[in-house]
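Heads up, the thing below is written out as structure tokens.
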């Protein structure tokens, strides 16, 4: 039972354009969501997060949108750069609970 | 700060052998966890700890043991390795059970790649 789903295993985007990565969840108890970025042979690194009291959070080129009614979140990267090529994992947890449930990841390739 | 460190980086085992994957953090984090990453499966939680002396099972605990005798260290033991345990293992830590929206931000080690023949 996959509670956090990333239905696109891969995505290719031209450099300078917008990258949109999507994530769906089924557990309505989740109220805190995170995106992690992973390069080959390295551990995941935290990118950006959002709590359920917000519907948008921005950090530089990265914006996360949350649609609670649809149980859907997305990560927008604008403009996309070659260094953004990596695997992106969506993760979810409950308020005050350290346990994270991860999606299966989306491999983003930025084409120069 | 070294952050989260893991040893070894790579290990080959024969079926039935046992070994311990080491994990240490120097950030005084209360919460530590072990994940395995398999193709198409994302990161799955094996075991976690909310503080020294306290551990609990995650999503895929079978075949693994943990203990937490200090805040810094959280070793993962494979009791009798099986080919199904071939994976990449990540240890992570976070500042812990104070609650709040930031408590889920975990810092990961570089991983241990394990091959069981």
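The values are calculated or read from the model by the stated rules, or taken from the named source; none is laboratory data. This is a predicted model, so every value here is computed, not measured. Here the Cβ is made from the backbone with ideal geometry for all residues, glycine too, and neighbour counts use every protein chain on show.
In region A:38-67, what residues are on the phi > 0 side of the Ramachandran plot and at the interface with chain B (Cβ under 8 Å from one of its Cβ atoms)?
The one that is on the phi > 0 side of the Ramachandran plot and at the interface with chain B (Cβ under 8 Å from one of its Cβ atoms): A:41.
Say whether the condition of being crowded, with 22+ Cβ neighbours inside 10 Å and outside any strand (DSSP E or B) is met by at least one residue in region A:90-98.
yes
Would you check if residue B:69 is in a strand (DSSP E or B) and either closer than 24 Å to residue A:6 by Cβ or modelled with pLDDT of 95 or more (or both)?
The answer is no for residue B:69.
Only one residue in A:5, A:71, A:37 is farther than 30 Å from residue B:10 by Cα and either touching a strand residue (DSSP E or B) at 6+ places or on another chain (Cβ under 6 Å) or at pLDDT 95 or above (or both), so which one is that?
A:71
Tell me the residue from B:105, B:97 that is modelled with pLDDT under 95, within 7 Å of chain A (Cβ to nearest Cβ) and surrounded by fewer than 17 Cβ atoms within 10 Å (Cβ to Cβ), please.
Going through B:105, B:97 in turn, the sole match is B:97.
Considering each of B:64, B:35, B:48 in turn, give the residue that is facing chain A (nearest Cβ under 7 Å) and surrounded by 14 or more Cβ atoms within 10 Å (Cβ to Cβ).
B:48
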